[in-house]
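Here the structure comes first, spelled out in structure tokens, and everything after it is commentary.
Every number here is computed from the coordinates shown, using simple stated rules; none is lab data. Because the structure is predicted, anything quoted here is derived from the model rather than measured. Every residue, glycine among them, receives a Cβ derived from its backbone with ideal geometry; neighbour counts consider all protein chains shown.
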């Protein structure tokens, strides 16, 4: 039995990078055919966006901006478009009058289209890495209602050749009955629901000997729960996917981080900016997906992660990331004013000597204080005072300045640390 889904997973790193960079200009050009990206990327020569350095010059599209544009165009009589102009497919009555197979709603609400391509969300690769093979029966307990998770997993399962039981969410007793009577080989869903089902089976004396593997997502999957499931005969693997871009990365048998999907270009940027960070530093996950139907270019997921050095021991040669390490939106309200990571980045940008910056908010609510800690080497005289002036200019608030040596700040992706007491 082969360990890899296809030859793409084991191709030389340089070959993969060349293929991705060759596809990038075409993807940018495809994005510019949509109303939204035609505006966001106005004046950009797509043919010149053929390297990571060139890609980094484009703006990052963050989820709140996508939501704001969708809301505005849903309310527009003249330019009504529930996708905010980002989709190249749709149905009769839209600027893109055909091509959408399904449409989904995520919290916000944000609407996402599903195109007609087999395995549109590219989940098959993650299922395969988790041990699923043609002929398996998969119990899918992701939601089929409103959100795309159920469809994402089902389309990937069908691409492999699996049969799917559409369990959906809730109805624990009925789902457990189906597992007992249908004898599925594996499970897809959240890890917490799988634990509930396994515990309920033990309580009622039901055995599930056929259930031996699982692909979980949508929640944290700590090693403690992974080991708990393994003790009960279920080998669980996780994948990282979103409704906006589909599969981003997936776990393998090596259990060493998550391997990137072959259809995405990953950047890790400093929160609040579009600036890529050095390899290994924690930052926001930004994805460009090779999808002409819903062409997200430099989509900021809002999630924190970091690149792992080296390749996966399973022979997969794509980049690995550490997995989910928190949220990048660290906006804090200080003395009645919102302070954003982008403002901290603006302060640092004004002073080339600053290598990294971290704003620490301390004290108690209504009696809080700010300290800007910055990494510098060989700071010129007066830098602290100039930084204090910049903070006041950008945020309209005062802050103490602490100059520290390079490497002193934690590598956790935090640009704003809220260390206040909320007693």
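With springs only between Cα atoms under 10 Å, which of 202, 126, 348 fluctuates most in a Gaussian network model of the chain?
202
Order of 231, 3, 267 from fewest to most other C-beta atoms within 10 Å?
Details: 231 8, 3 14, 267 21.
Ranking 231, 3, 267 by Cβ neighbours within 10 Å, fewest first, gives 231, 3, 267.
Using the count of nearby Cβ atoms within 10 Å as a rough guide to exposure, how do 195, 62 rank from fewest to most? Mind dumping the intermediate values first?
Values: 195 17, 62 21.
By the 10 Å Cβ count, ascending, the order reads 195, 62.
Report the calculated FRET efficiency for residue 275 and residue 163 (r = Cβ-Cβ distance, R0 = 45 Å), to the nearest 0.05.
Values: r = 46 Å, r/R0 = 1.03.
Rounded to the nearest 0.05, the efficiency is 0.45.
Hey, how many Å between the Cα centroid of the range 80-135 and the Cα centroid of the range 252-277?
22
Taking a point 7 angstrom from the Cα of residue 405 along the C-beta vector, which residues in the range 358-380 have backbone N less than 14 Å away?
375-379
Pull out the extension gain between residue 64 and residue 79, defined as 0.36 nm times the separation in residues minus the alpha carbon to alpha carbon distance; nm, one decimal.
Details: separation 15, 0.36 × 15 = 5.40 nm, distance 1.98 nm.
Roughly 3.4 nm would be gained on extension.
Compute the length gained on full extension between residue 309 and residue 182: take 0.36 nm times their separation in residues and subtract their Cα-Cα distance, giving the result in nm to one decimal. Before the final figure, lay out each step's value.
Details: separation 127, 0.36 × 127 = 45.72 nm, distance 4.26 nm.
So the extension gain works out to 41.5 nm.
Ratio of the range 371-419's C-alpha Rg to 2.2 N^0.38 Å, to two decimals? Intermediate values should be presented prior to the final figure.
Working: Rg = 11.4 Å, N = 49, 2.2 N^0.38 = 9.7 Å.
For the range 371-419, the normalised Cα radius of gyration is 1.18.
Give me 210, 224, 96 sorted ascending by neighbouring Cβ count inside 10 Å, so fewest comes first.
On the way: 210 16, 224 8, 96 19.
Starting with the residue having the fewest Cβ neighbours, the order is 224, 210, 96.
Calculated FRET efficiency, residue 51 and residue 173, Cβ-Cβ r, R0 35 Å, to nearest 0.05? Provide the component values of the computation, followed by the final result.
Numbers: r = 55 Å, r/R0 = 1.58.
That pair, residue 51 with residue 173, gives E of 0.05.
Between the range 1-33 and the range 374-423, what's the alpha-carbon centroid distance in Å?
40
Among 169, 321, 265, which one moves the most in a GNM of the chain with springs linking Cα atoms closer than 10 Å?
Of 169, 321, 265, the most mobile in the Gaussian network model is 169.
For residue 6 and residue 220, what is the calculated FRET efficiency with R₀ set at 30 Å and r taken between the beta-carbons, to the nearest 0.05? Could the numbers behind the result be given before it?
Values: r = 29 Å, r/R0 = 0.98.
Calculated transfer efficiency: 0.55.
On a full-extension model of 0.36 nm per residue, what is the gain between residue 325 and residue 351, subtracting their alpha-carbon distance, rounded to one decimal in nm? Walk me through the intermediate numbers first.
Values: separation 26, 0.36 × 26 = 9.36 nm, distance 2.87 nm.
Result: 6.5 nm gained on full extension.
Which number comes out as Rg/Rh for the range 332-418 once both Rg and the Kirkwood Rh are worked out on C-alpha atoms? Intermediate values should be presented prior to the final figure.
Values: Rg = 12.1 Å, Rh = 12.9 Å.
Result for the range 332-418 is an Rg/Rh of 0.94.
Normalised by the number of residues in the range 1-86, what is the relative contact order in percent for Cα pairs under 8 Å and 6+ residues apart? Write down the numbers at each step before the final one.
Details: 60 pairs, mean separation 20.9, N = 86.
RCO, the range 1-86: 24 percent.
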